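Undergrad: Below you'll find the structure I mean.
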Amino acid sequence: MKILLINGANLNLLGTREPEKYGSITLKDIESSVVSLGKELGADVDVFQSNHEGEIVEKIQASKNVYDGILINAGGYTHTSVVIRDAIAAVNIPTVEIHMTNIHSREEFRHTSLLSGVCAAQVVGFKEQSYTLALQGLVNYLK
């Protein structure tokens, strides 16, 4: 089983970005724990991060016939990117949307996810555990 973890804009700043919301854990730490848990669950996890919408779209498009599932924290692109949504829909790979904070209890503009309608599930509000919960759910879904 092969899974792709995609992180979007500003997630490379985890550890220093708004620690009151996101904690002090770094993206590298999160990626390491997801990759490790993937091994335990029998899944190979590749990681990718970009601050550029087009690079994320290209990575999703290139995942067709390569990955069995996708985990994505698109960051702010969640609320604005029709093209990321369209890429997820086009590749037809089970995808789980991830957010460290509960986007539904934050600013109103964050309440709407353009991605959720083309994703198998959404995990929000568990800080860095959102990632491992999403991976566990996706692996179970794929089995």
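Laboratory data are not the source of any read-out in this text; all were calculated from the coordinates shown. As the structure is a prediction and not an experimental result, all values here were calculated from the model. Neighbour counts are summed over all protein chains in view; Cβ atoms, including those assigned to glycine, are modelled from backbone coordinates with ideal geometry.
Undergrad: Would you count, across the chain, every pair of lysines whose alpha carbons are under 17 angstrom apart, provided the pair is eight or more residues apart or spans two chains?
TA: Counting lysine pairs in the chain gives 8.
Undergrad: Any idea what the relative contact order of the chain is, in percent, if you count C-alpha pairs under 8 Å spaced at least 6 apart?
TA: 27
Undergrad: Here's another thing I want to ask about it. Quick query: amide H of S113 versus all other amide H atoms, modeled in the peptide plane; which residues come in under 5 Å with a sequence gap of 5 or more or a different chain?
TA: Distant-sequence amide H within range of S113: zero hits.
Undergrad: Fewest first, what order do L71, L14, L142, L27 take by the number of other Cβ atoms within 10 Å?
TA: If I rank by nearby Cβ atoms, fewest first, I get L142, L27, L14, L71.
Undergrad: Based on alpha-carbon centroids, what's the gap between the stretch 89-143 and the stretch 1-24 in Å, whole number please?
TA: 13
Undergrad: Mean Kyte-Doolittle of at least -1.0 and a Cα length of 18 Å or more along the axis: which whole DSSP H helices of the chain meet both?
TA: 27-41, 129-142
Undergrad: Using just the Cα positions, wrap the chain in a convex hull and report its mean projected area in square nanometres, one decimal place.
TA: Here the figure is 7.4 nm², rounded to one decimal.
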